[in-house]
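Report on one structure; see the data block that follows.
Please treat every number below as a calculation from the coordinates, not as lab data. None of these values were measured; they are calculated from a predicted model. Cβ coordinates were reconstructed from backbone atoms using ideal geometry, including for glycine residues, and neighbour counts include every protein chain displayed.
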Amino acid sequence: MAKGYEIHQARMMALQGLGKDLARRAKSKCEITGSAGGPLWPYEIPPVPEEPDIDRILLVSQECREVLENPDRLAGRGWQCLAEAVWSEMPAVQVVAWRMLSELSKREDWAREVLDEVFLDPEVEEWATAAEI
């Protein structure tokens, strides 16, 4: 058990080392919703690589983090920001927005309509479909 804890701690330290670069890239806003002013958390996009990779990590708000960790909480028109996020120039944002929209599309017509209009580069689409939120 101690070994698992040590591995986890080492990963958290590596993520903290990327904190300033992530904050700079995100302009201190949630990279999914664009919200600012609250705490931001690093979110590693599954499948998680062995070593933390800044191109596979987003800074997200507490609300986004909770939804990404518990997709059952994802519901409603409050997530229409995803319609814009899925068109981001950043592949990681596209992947997470696409996954969230896919989950929402199971119960929200507007999310299904957004997904019908989305085009992802083949590499991004492969990444997006490699795992679920």
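Structural remarks
- Residue order, fewest to most beta carbons within 10 Å, for Arg77, Arg56, Arg112: Arg77, Arg112, Arg56
- Gap separating the Cα centres of the range 82-133 and the range 22-61, nearest whole Å: 17 Å
- The C-alpha atoms of the chain define a longest principal axis, and helix 2-17 lies at about 70 degrees to it.
- Full-stretch length increase - Ile54, Arg107 - with 0.36 nm per residue and alpha-carbon distance subtracted: 15.9 nm
- Per-pair calculated FRET efficiency, R0 = 35 Å: Val124 and Gln16 via Cβ, rounded to 0.05: 0.80
- Working note: Debye formula, equal point scatterers on the alpha-carbon atoms of the range 2-128, no solvent; log10 I(q)/I(0) at q = 0.10, 0.11 Å⁻¹ is -0.32, -0.39.
- Sequence-distant lysines (8 or more away, or on other chains) whose Cα lies within less than 25 Å of Lys20: Lys29
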